[in-house]
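Each remark here refers to the structure printed beneath this line.
The values are calculated or read from the model by the stated rules, or taken from the named source; none is laboratory data. For clarity, every value in this text was computed on a predicted model and none was experimentally measured. Heads up, the Cβs are rebuilt from the backbone with ideal geometry, glycines too, and the neighbour counts pull from every protein chain shown.
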Amino acid sequence: MTKPLLFYSEEYFKHQTPDHPESPLRLESILKRLRESRLWDELPRRTPTPIDQNLLFALHDPAYVRMLERFCSSAAEGQRIDENTVVSEGSYRAAMLAGGAAVNLVDALLAGECQSAFSLARPPGHHAMPAYTMGFCLFNNIALAARRALEQGLQRVMILDWDAHHGNATEHMFYSDPRVLFVSWHQTPNWPGTGALEDRGEGAGFGTNVNIPMPMRYGDAEYLRTFKEIIEPLTAAYKPELILVSAGYDAHLADLITNMGLTARGFSEMTAEVMKLAERHCKGRVGFVLEGGYNVTALAASVEGTLQTLVREDVVTPEEPFLALDVKHNPSDLTHLIEKVKLIQPLLNGSKVIVA
């Protein structure tokens, strides 16, 4: 057993976003929780290097990258760059390091330096489109990680996105690429309004895009059931060589901008399931990249739960001041959703076969 390797930089705090949901308080809360639990001292840490420009240009338009650098260089703290994204003078450097951390994470996993790794980075990334910012995101960190894995010679990379918002930009970047299987759970209806069940990829990538639109207030039991009945057979059919997780924690029941029902234990349970899949299919290699999560107390508890699970290789129940929601769902509704996913997804209905 190897302990998860953390990637973190103090320079993330230079991405100043006062009075904004994606604020430095998110990382402050996580670090405080990890220090109190002694995980911060227990886990190996590494300072990331900035993303290589050639790799960045493979996914993001060079003109956009240069525009973002210029904009940030003269930006006031919390200056708006799109309708819901703000930046400051230090944001470009922070984004370069966040992208670099995701790439460093992949390099460490593939070099055998660790079996699991976690990038504690901001700004997040899964909404960042090739040529524009979106949804608090500047560069698409998880996509850059997947791209790096492909450059290193892998042929099958799986991205699991459990953020409450659909990872629209990640989907867009790999929609026609069969080398990346993108799977997203997301609250529906919800911003950004993408992530339809029927969106399954195109061209050679048809069947390697899987959306699981989750009704509001679905929680631990419902997410875990989708793991057992959708993700397990999907992973067995695709045979990934690496699993990456867009680890957003805004599906927590206490989040400030979403309406889901997960608990910190639920995130621990999902982490344990991911570990089993990684052990079974890709030599245990799994990397987590921080995305959303806007109740800082819930976020910190959930990140701790993920890391404790990676250390202990078992489910944990982090302390948190939130009671699980007593919401009664009709089990047949989830059954219908699962059956529909199985019916239309080629990797699950046998119409697409991956030859390893």
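Criterion applied to T258, T271, T297, T226 was being polar (S, T, N, Q) and farther than 30 Å from A95 by Cα, and the one residue passing it is T226. Residue count for region 70-107, restricted to those that are hydrophobic (A, V, I, L, M, F, W, C), touching a Gly at 6+ places or on another chain (Cβ under 9 Å) and in contact (Cβ under 8 Å) with a residue 60 or more places away in the chain: 7. Filtering region 27-73 to residues that are under 20 Å from the mean Cα position of the chain (by Cα) and of a type in the set (F, W, Y) leaves nothing.
Of all residues in region 201-253, those that are under 24 Å from I30 (Cβ atoms) and small (G, A, S) total 5.
The sole residue among L27, L6 that is within 21 Å of R312 (Cα to Cα) and surrounded by 20 or more Cβ atoms within 10 Å (Cβ to Cβ) is L6.
Checked against (1) crowded, with 21+ Cβ neighbours inside 10 Å; (2) within 30 Å of P4 (Cα to Cα), D107 passes all but condition (1).
Restricting L181, L144, L197 to residues that are more than 30 Å from L256 (Cβ to Cβ), in contact with a helix residue (DSSP H, G or I) (Cβ under 8 Å, 6 or more places away or on another chain), modelled with pLDDT of 95 or more and hydrophobic (A, V, I, L, M, F, W, C) narrows the list to L181. Pairs meeting the criteria (first residue in region 224-235 and under 15 Å from F182 (Cα atoms) and of a type in the set (D, E), second residue surrounded by fewer than 21 Cβ atoms within 10 Å (Cβ to Cβ) and at pLDDT below 95, beta carbons under 6 Å, at least 6 apart or on different chains) are lacking. Of all residues in region 327-356 being basic (K, R) and surrounded by 15 or more Cβ atoms within 10 Å (Cβ to Cβ), which is farthest from the chain's Cα centre (by Cα)? The selected residue is K352. Do we have A131 as touching a Ser or Thr at 6+ places or on another chain (Cβ under 9 Å), of a type outside the set (D, E, K, R) and within 21 Å of F57 (Cβ to Cβ) here? So A131 fails the test.
Of everything in region 30-56 that is of a type outside the set (D, E), in a loop (DSSP other than H, G, I, E, B) and touching a residue at least 24 places away in the same chain (Cβ under 8 Å), the residue that is surrounded by the most Cβ atoms within 10 Å (Cβ to Cβ) is I51.
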